[in-house]
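Some notes on the structure that comes next.
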Amino acid sequence: MMVNVTLGIAFPAQPDGGRSTTSTGRAIVTDALRGVDPVGSRAAEQETAWRSRYLLHMRRLVEAGLIDAEAWRSIAAAGLDSVHERMRVVTESGEDLPVTSLMDMESSTALGTVEIRGSREPDTEFTLPYRGNRLSGDALSAQLEQWAERGVLEPSAVDAVMEVAAHPEWLALPGQTVAVLGAGAEMGPLTALLRWGATVAAVDLPLPAVWERLVETAENGAGRLLIPVEPGKDVTSTGIAGSAGVDLLAEVPAVADWFGSLDGRLTLGNYLYADGSTHVLVSAAADILAQRLTLARPDTALAFLATPTDVFVVPREAAEHSNQAYAERSRTAKTLGRPLSWATRGRLLHRAYPPGADPGIGDALVPVQGPNYALAKRIQRWRATTARCDGQTVSFHVAPSTRTKSVVKNRALAAAFAGAHRFGVEVFEPGTANVLMAALLVHDLNVDTPAHDHPWQDEAYAAVHGGLWRAPYEPRSALGLAAVLGYTGSRV
């Protein structure tokens, strides 16, 4: 696929002058694998149907890293190096520069700051909104334990959330500032953090409708919202929403300088989402921003939410849970499943893991999301791995499938979500998911997370995968049926 050139971060130009997302994505995966898995690297390089077969190569990135911890880290480092070597930045004068030039490029503008303080008192107890109730205490514990028993999340997530519940003084994150990229995202922590009394620095596009909502959220909250505005802008005449926001793709230096000037220990949280190839661009921008901030402020922490629809290494206990669920599936499921599996040559309703898998490979990549989405999320995983290896504080958690507007606008995904419960998967409402994940962020910024022997275990820690890791069937083998069963109930 070719994309148009816009000011800011861009894909590299091809010999014919176009900027291909397909060739760039394929080349980055090829580079990431080369040092650890030459055969897999060559297979990616020679792939002629990338948009339909990228799933095989994204899985290979995970499988090759299982050799040992160093192999995993080598793939992450090589992948990021390739992103930085290949991606470009287009200047106003028409220059086409390496994206790494943004690491020390001077900002063309100095962003101003508007501060909004909330009007209410901060919460003094952690509560989780769920199906019309706010759970706390024993009700919260019971719900978390039920999710763990059903395989909706990993037991380590229960422990982390309950530790936050036992220390409500952590919620306001005193002495810290959370910089939220993609502040308007439904899965972001902004609303929860402001409710708890935290300080949040927000970055999103200069779209008045987005900022009107964020300003209202801040005014009704208990924390401090710091908003970037154009320098010298009179917000009393235009209104804050009409002056707020910045395009990260075009203004990495300005955003870096603005974040760098803020008080308190900084956490940079990447909650950005964009359609298609732009998602890769914003992930690259956020990665350069993270590096620039870390050089200027070495105590900067990084935060990411991983999509559950990716390939992960899962603990032996998760694979055993899935296999037990497969063995104990109902007589009706067995009766209907066998002919379906036979008729489709095993493509439908097959088990997720072989018996005795230790660990397992949880492959939940969804073809409809496309290779750009997969690459954008992989860039974030690679940065989490390398930053943690360098001793940086990293909050990285798999978040559940959630009925956000950006997801359910896709009719196929909306239908699959509506039928997912029939296959052991719980799809969360945004209000529940973002508070739950914000609690895990608060935990990680207050407690040293456990040290693990292999980076895949860091990714599996406190994962809230919605059941995709522990359901009886390999996710793609059930996705089509879930969509058929959920079609009439899909929220579109």
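Two decimals is fine: what is log10 I(q)/I(0) at q = 0.11, 0.23 Å⁻¹ for the stretch 1-87, from a Debye sum with one equal scatterer on every Cα and no solvent?
-0.31, -1.09
Can you give the three extents of the C-alpha atoms in the stretch 174-320 along their principal axes, from longest to shortest, in whole Å?
Each principal axis gives a Cα extent; for the stretch 174-320 these are 61, 32, 31 Å.
Stokes-Einstein at 25 °C, 0.890 mPa s, Kirkwood radius from Cα pairs: D for the chain in µm² s⁻¹?
Values: Rh = 23.3 Å.
D = 105 µm²/s.
Considering only DSSP states other than H, G, I, E and B, which trypsin sites (Lys or Arg not before Pro) in the stretch 177-240 qualify as loop sites with at most 12 other Cβ atoms within 10 Å? Intermediate results must be reported in sequence, preceding the final value.
Details: sites: ARG195, ARG213, ARG224, LYS233; in loops: LYS233.
Within the stretch 177-240, no trypsin sites (Lys or Arg not before Pro) qualify (loop, at most 12 other Cβ atoms within 10 Å).
Hey, got the Cα dimensions of the stretch 344-462 along the principal axes, in Å, largest first?
Ordered largest first, the stretch 344-462 gives principal extents of 47, 37, 27 Å.
Using modelled backbone amide H atoms (1.01 Å from N, in-plane), which distant-in-sequence or interchain residues come within less than 5 Å of THR402's amide H?
Answer set, sorted by chain and number: PHE428.
How many nm is it between the label spots at THR109 and GLN14, if each spot is 7 Å from the Cα in line with the beta carbon?
Distance between the two pseudo-spin positions: 3.3 nm.
Considering amide H positions built from the backbone, and no H for Pro or chain starts, which residues 5 or more places from ILE361, or on another chain, come under 5 Å of its amide H?
Residues meeting the amide H criterion: VAL314.
Once you treat every alpha carbon in the stretch 391-453 as an equal point and sum by Debye, what is log10 I(q)/I(0) at q = 0.12, 0.28 Å⁻¹?
-0.43, -1.17
Read phi for every residue in the stretch 176-188 and hand back ³J(HN,Hα) as whole Hz from Karplus 6.51 cos²θ - 1.76 cosθ + 1.60, θ = phi - 60°, with x for Gly and Pro.
Calculated HN-Hα couplings, in order: 10, 10, 9, 8, 9, 7, x, 4, x, 5, 5, 8, x Hz.
Size of the dipole of the chain about the Cα centre, Lys and Arg at +1 and Asp and Glu at -1 on the beta carbon, nothing else charged, in debye to 20? Intermediate values should be presented prior to the final figure.
Working: 44 positive and 55 negative charges, 473 e Å.
Roughly 2280 debye, rounded to the nearest 20.
Normalise the Debye intensity by I(0) for the stretch 50-193, one equal point scatterer per Cα, no solvent, then take log10 at q = 0.14, 0.18, 0.20, 0.22 Å⁻¹ and round to two decimals.
Scattering profile of the stretch 50-193, log10 relative to I(0): -1.10, -1.15, -1.22, -1.33.
With θ taken as phi - 60° and the coefficients 6.51, -1.76 and 1.60, list the Karplus ³J(HN,Hα) couplings across the stretch 9-22 in order, rounded to whole Hz; mark glycine and proline as x.
5, 8, 6, x, 6, 8, x, 8, x, x, 10, 8, 6, 5
Which cross-chain or sequence-distant (5 or more) residues have an amide H under 5 Å from the amide H of THR393, H modelled 1.01 Å from N in plane?
LEU302
All of the numbers you see were taken from the coordinates with simple rules; none came from a lab. Since this is a predicted model, take the numbers as computed values, not measurements. When we count neighbours, we look across all protein chains shown, and the Cβ atoms used for this are built from the backbone with ideal geometry, even at glycine.
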